[in-house]
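Here's the structure we're looking at; comments come further down.
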Amino acid sequence: LVFDKSWGGMISCGCTYVWLEQEQKARCANNVKSLECPVLRDVNADFGNGHFNDHHFHYGYFLYAAAVAAKLDPVWAKSYNDKVLLLLRDIANPNAEDPYFPQFRHFDWYLGHSWASGIVSSPNGKNQESTSEAVNAHYGIYLWGLATQHKPLAEMGELMMLTESHSAKYYWYGAGDVFPKGYVHDMAGIVHDLLFEFQTYFGPQTYFVHGIHVLPLTGATTFLLSRDWVAKSFPTFNKSCDADNFCMGSGFITFAHAQYALLDKDESWDRVLSLPDQGPFNVYDIGSGGGNGNSKTSTLWWVASVGNDPQPPDHYFDDSYVSNVDGYNPRANQHRHRHIALKITGFCAVLGAVVWAVREKYPHIYHESLGHIKRYTSKDGH
């Protein structure tokens with residue numbers, strides 16, 4: 001990684017690969033130390049990392065892995081803390097006064113979700129594809145804060161994770177009834193400022209669209225997926241896989257079978273066990289575009305870890321939702337209360353940030369306002 005002073009961020013240098021026939025492997029032909037970085041010339045290199053595209057997707061994996069390592073080895077965590085925080089500051093820097101990184105590069109606090117697109121403009125505005133990878137990035141921040149006993153970071157990561165999960169269901173999964181007339185799908189693959197698309201940047205296949213919003217499988221996945229959503233989406237996901245062998249070859253079938261655990265853990269377990277883990281169709285092979293970040297062990301662990309208590313139904317975003325029995329659904333009511341609590345938490349977080357900013361930048365205004373509040377409350381005797 002190298003630091004880009006112009007835009008303030010850590011970018012990959014990238015590789016110009018050459019194939020070594022004698023060694024039967026590829027290597028980088030460019031000289032990184034001389035800043036021969038193909039990502040600076042090619043907007044598509046490393047998924048646009050050099051142009052600040054998808055940074056939270058990419059660095060989220062490292063943050064999650066670092067948090068796990070920190071939990072197991074606190075000495076390692078202390079030694080690598082500054083390096084890990086470089087990645088964290090790149091994607092979700094909370095400090096407006098940081099001279100090296102912008103504040104919250106990807107996260108849109110108004111809409112409640114991230115935008116993945118970087119500095120390259122598009123006629124349809126900003127966009128984001130994989131909501132699950134965005135949630136994974138915030139989960140990594142949350143876990144790093146827990147592992148290093150940094151409570152503000154943990155709370156920030158948790159708030160971003162829950163807010164992103166909520167907004168993903170609302171905008172990408174259709175729970176907010178936001179799709180225009182004529183849009184015939186139950187979900188969006190990519191959400192732009194001005195457009196919904198049922199496709200991905202690497203292909204239009206239905207199993208790509210569904211799978212990219214499931215991976216990676218972690219403890220945060222069940223915040224994003226609900227039992228109701230899986231019941232609605234699984235038939236479409238599974239049917240598209242049955243119709244195309246590349247769903248197996250690409251490894252995306254793994255996520256169809258794994259998410260079925262929200263409906264039937266035993267059936268999901270058997271489905272995952274039946275997937276090939278060797279040979280040309282190995283769903284976990286390095287050449288498997290979707291499944292190469294998994295292992296059979298981790299996938300089975302995730303299936304086994306799914307609880308029997310379903311996640312909030314998609315209807316809980318509708319404040320008027322009640323059951324058909326006596327007009328009352330205590331479970332939906334409970335989840336609606338959680339939804340309201342999340343809104344209040346978000347409002348308080350933003351309000352707290354505003355108060356802090358005023359106190360830091362305009363202390364005289366802060367203290368003067370505080371004095372007015374004290375005088376006002378003293379009149380009421382409270």
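Count charges around Asn292 for me, please; just the other residues with Cβ under 14 Å from its Cβ, Lys/Arg as +1, Asp/Glu as -1.
Details: positive: Lys296; negative: Asp277, Asp285.
Value of the local net charge: -1.
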(request) Keeping every protein chain in place, order Thr206, Thr299 by accessible area at 1.4 Å, biggest value first, i.e. largest first. (result) Thr206, Thr299
(request) Give the Rg (one decimal place) followed by the Dmax (whole number) of region 82-162, computed from C-alpha coordinates and expressed in Å. (result) 13.0, 43
(message) I need the Kirkwood Rh of region 140-184: take the reciprocal of the average 1/r across all distinct C-alpha pairs and report it in angstrom.
(response) 11.9 Å
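Just order 133-145, 76-88, 248-260, 60-72 by mean Cβ neighbour count inside 10 Å, highest at the front, would you?
The most tightly packed comes first, giving 133-145, 248-260, 60-72, 76-88.
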(request) Considering Cα pairs under 8 angstrom that are at least six residues apart, work out the relative contact order of region 39-109 and quote it in whole percent. (result) 19 percent
(request) For region 1-152, compute the number of Lys pairs whose alpha carbons are separated by less than 23 Å, excluding pairs fewer than 8 positions apart on the same chain. (result) 9
(message) Please give the Cα centre distance for region 166-195 versus region 94-145, rounded to the nearest Å.
(response) 19 Å
(request) Send over a whole-number figure in Å² for the accessible area per residue of region 6-107, probe 1.4 Å. (result) 60 Å²
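With contacts defined as alpha carbon pairs under 8 Å and 6 or more residues apart, what's the relative contact order of region 105-161 in percent? Display every interim value, and only then the final one.
Values: 54 pairs, mean separation 13.1, N = 57.
About 23 percent, as a whole number.
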(message) Give me the three principal axis extents of region 1-134 from the C-alpha atoms, as integers in angstrom, largest value leading.
(response) 53, 48, 30
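The values are calculated or read from the model by the stated rules, or taken from the named source; none is laboratory data. Keep in mind that this is a model prediction, so the values were computed, not measured. Every residue, glycine among them, receives a Cβ derived from its backbone with ideal geometry; neighbour counts consider all protein chains shown. Just the protein is used for accessible areas: all its heavy atoms, side chains included, with ligands, DNA and RNA removed. Shrake-Rupley method; radii C 1.70, N 1.55, O 1.52, S 1.80 Å.
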